[in-house]
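The next block holds one structure in the form of structure tokens; read it before the comments.
The values are calculated or read from the model by the stated rules, or taken from the named source; none is laboratory data. Values in this document were obtained by computation on a predicted structure and should not be read as measured data. We place every Cβ from the backbone using ideal geometry, glycine too, and count neighbours over all the protein chains shown. Ligands, DNA and RNA are excluded from the accessible area calculation, which covers all protein heavy atoms including side chains. Shrake-Rupley method; radii C 1.70, N 1.55, O 1.52, S 1.80 Å.
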Amino acid sequence: MKAFKLVVTGVGHVGSYVLADAMKAGLFAEIAVIDVLENVARGEALDQWQATGVGTLGGTRIHAGSPADYADADVVVVAAGPSILPDPDDPTGEPDRTLLTTVNAAVVRQVMGEIAANTSDAVVIFITNPLDTIVYIAENEFGYPAGRVFGTGTMLDSARLRQFVAAACGVSPTAVSGYMMGEHGHTAFPVLSRLSVAGLAWDELPAVFGDGVRLDPEHVRRQVVKAAFDVLNGKGWTNAGVAQAAVQLARAVLLDEQGIYPVSSTLRGEYGHDGDVALSLPTLIGRRGIERRIPVALDAWERDHLADSISYIQQAMAEAGTPRSGSLVAPRAGAS
């Protein structure tokens, strides 16, 4: 059986949580930790290595790493770059992730350059915000094999949607099937035309669970988007959910699970867009990374919000100095 290797790049609030969850997952024989602050990388690696002495984390080899560790990595999770901060003057504010565009575009170009210089085999999962712009840069500016770069996308937004609907219906979130699409940010939207609870469609829910479930789509969208900032403004950052999403995606890759997740990647003909934007939509994930995107049909409200989301993402792409055609390096065909 192959001994899998993970590299976690950037071990701040988010990356350190990815590291901890990856250790508990029991999937990896080796984990390398990289951070621009080398003492932080060493400290996080040492802390987790010492925790293996408790006896519950198995025998994972963990160490501070360098770009050379990308060469034999199976999965790389990138959480490098600063995260959005709460507004100290507005305790209920909703700061925009695109405020990070300029600084994190530079970060991803450095990190992805180092990855591409050492490997074309690893599947690279991004968490860094503004996620869709970051994914677009990583996918399209380095000639990395098609399908092997994507972002956690709206996986966390979708988890919040399922929690919201479950609470309205008085059921477990495991009974809810549904997802958010578009930007990981302010313009994400719920695909209610595809949502179900125990097989019941959205418009059937009031008859079964009461009129309190008869919620306006825009109200649902706003509540799900707001949920992120309830956490951010409470503790200063969000990390638990997105870290779990990244590790779940790593598992889907390593075990070739063929799971469907709303991850972020560059559209290649879906919804009339080809190579000009990255966003989240249902995507089949397996050993090669992205096996295929699944462009589900949307209703009129959802189509309008998709267009709004695309426009907003493309504004951030322009700020990042991202070419949308012509001068891009074509992705190489993915390995089988």
Spin-label zone in the range 194-229 - amide nitrogen under 19 Å from a point set 7 Å from the Cα of residue 167 along the C-beta vector: 196-197, 206, 209-229
Degrees separating the helix 101-118 axis from the principal Cα axis of the chain, which is the longest one: 50 degrees
Filtered trypsin sites (Lys or Arg not before Pro), the range 216-305: DSSP coil and at most 14 other beta carbons within 10 Å: none
Protein accessible area in the chain, 1.4 Å probe - carbon and sulfur %: 53 percent
FRET efficiency for residue 300 and residue 222, using Cβ-Cβ distance with R0 set to 22 Å, rounded to 0.05: 0.70
Residue 258 paired with residue 292, simple spin-label distance in nm, labels 7 Å along Cα-to-beta-carbon: 1.1 nm
GNM result for the chain, Cα springs below 10 Å: residue of 309, 265, 172 fluctuating most strongly: 172
Folded to 0 to 90 degrees: helix 38-51 orientation relative to the chain principal axis, Cα: 80 degrees
Whichever lysines have a C-alpha closer than 27 Å to that of residue 235, once near sequence neighbours (fewer than 8 apart) are set aside: 24, 226
Top of 191, 78, 296 by mean-square fluctuation, Gaussian network on the chain, Cα under 10 Å: 296
Additional length obtainable on full extension of the chain from residue 198 to residue 37, 0.36 nm per residue less Cα span: 53.2 nm
Structure-derived mean projected area of the Cα convex hull in nm² - corresponding label in (1) 20.3; (2) 17.3; (3) 21.7: (2)
Relative contact order, percent, the range 1-76 [alpha-carbon distance under 8 Å, six or more residues apart]: 38 percent
Antiparallel content of DSSP bridges confined to the chain, in %, to 5: 50 percent
Of 110, 48, 258, the one that fluctuates the most in a GNM where the chain has Cα springs shorter than 10 Å: 110
The chain - accessible surface per residue (Å², probe 1.4 Å): 41 Å²
For the range 174-231, fraction of C-alpha pairs farther apart than 16 Å, in %: 47 percent
Three principal axis lengths of the range 192-329 [C-alpha, angstrom, descending]: 54, 37, 36
Length added when fully stretched, residue 240-residue 208, from 0.36 nm per residue minus Cα-Cα: 8.2 nm
